Amino acid sequence: MNGHDIFDLHGKIALVTGSSRGIGLALSTGLAQAGAVTVLNGRDSEQLRLTQSELAEATGADIRAYAFDVTDSAAVADAAARIEVEVGPVDIVVNNTGVQHRAPLLEFGDDDFRRIIDTNLTSAFYVGREFARAMTDRGRGKIVNICSVQSELGRAGIAPYAASKGGLKMLTRGMCADLAPSGIQVNALAPGYFDTELTRALVENEEFTAWLAARTPAGRWGRTEELVGALLFLSSAASDFVNGQILYVDGGMTAVV
């Protein structure tokens, strides 16, 4: 296997949760371009079908779409069974679904806290667990959890988000401990600050953008396509002996004080 073949995903099937837009769509595009049959997921079936059509036209790849709620354990189990039968054995699972809510800690409501934990952390447990069942039987598989610089760093106004992403970091390592003996690699990709719909308010805030440029050695916001190379590494044979690791793609933010 040469240096190019080791990243090739032809013949692989990949599922990306929360992939109708933003980072999830960028990651799905990269997987499709690398040759994987790519399965999109979201709760809005109409938006999902539109994204499926646009991505298939843009890449010429085999793109599938399954609408289900990743925070619903029964729905995840049903979808996992259907995808394994209707599409084929899933080789790569990317737990990308995420939500943000900003508020001072003393004003944070119970429902908002639970929604963030369920969406960002519990969903990765449900999806990872269900697809790992078949991966374990086959003795191979890749699970990539999408963490964040907030897996390491706190910031005022987003304590529950940081808790969810810190939990996802440790879930990644715990899943590695359980699943590595079965030939499954579980790692995490941790973006820094990227220009997406989720961060639009911050991107348009001149004061915050100036702070970000000063705080990040690269001096700018990240572009979603800059996450693809790291994902292909963690999804391909290139990372077959990499397990339980968190790969930060953050322009150097977590490397400096």
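Any idea which residue in the range 214-225 is farthest from Asn187 (Cα to Cα), counting only those that are open to solvent by 40 Å² or more (accessible area, probe 1.4 Å) and in a helix (DSSP H, G or I)? The residue in question is Ala214.
Residues of the range 132-160 that are in a helix (DSSP H, G or I) and within 15 Å of the chain's Cα centre (by Cα): Val149, Gln150, Ser151. Evaluating Met175 against the criteria (1) touching a residue at least 12 places away in the same chain (Cβ under 8 Å); (2) not in a helix (DSSP H, G or I) leaves one unmet condition, (2).
To keep it simple, each residue is scored yes or no on (1) in contact with a Ser or Thr (Cβ under 9 Å, 6 or more places away or on another chain); (2) modelled with pLDDT of 95 or more; (3) acidic (Asp, Glu).
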site	(1), (2), (3)
Asp5	no, no, yes
Gly11	no, yes, no
Ser19	yes, yes, no
Ile23	yes, yes, no
Leu50	yes, yes, no
Ala61	yes, yes, no
Ala81	no, yes, no
Val93	yes, yes, no
His101	no, no, no
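The numbered conditions (1) more than 18 Å from the chain's Cα centre (by Cα); (2) part of a helix (DSSP H, G or I) are all true for Arg102 except (2). Taken together, the residues in the range 1-59 that are outside any loop (DSSP other than H, G, I, E, B) and not polar (S, T, N, Q) amount to 29.
In this structure, is Val94 under 13 Å from the mean Cα position of the chain (by Cα) and either without any contact (Cβ under 8 Å) to a residue 40 or more places away in the chain or more than 22 Å from Gln47 (Cβ to Cβ) (or both)? No, not satisfied. If only residues of the range 60-110 that are among the aromatic types (Phe, Trp, Tyr) and open to solvent by 20 Å² or more (accessible area, probe 1.4 Å) are counted, the one that is nearest to Asp137 (Cα to Cα) is Tyr66.
Put simply, of Val203, Val249, Val228, Val256 the only residue that is open to solvent by 40 Å² or more (accessible area, probe 1.4 Å) and among the β-branched types (Val, Ile, Thr) is Val256.
The values are calculated or read from the model by the stated rules, or taken from the named source; none is laboratory data. No experiment lies behind these values; they were computed from the predicted model shown. Cβ atoms come from the backbone with ideal geometry, glycine included; neighbour counts cover every protein chain shown. The accessibility values were calculated without ligands, DNA or RNA, using every heavy atom of the protein model including side chains. Shrake-Rupley method; radii C 1.70, N 1.55, O 1.52, S 1.80 Å.
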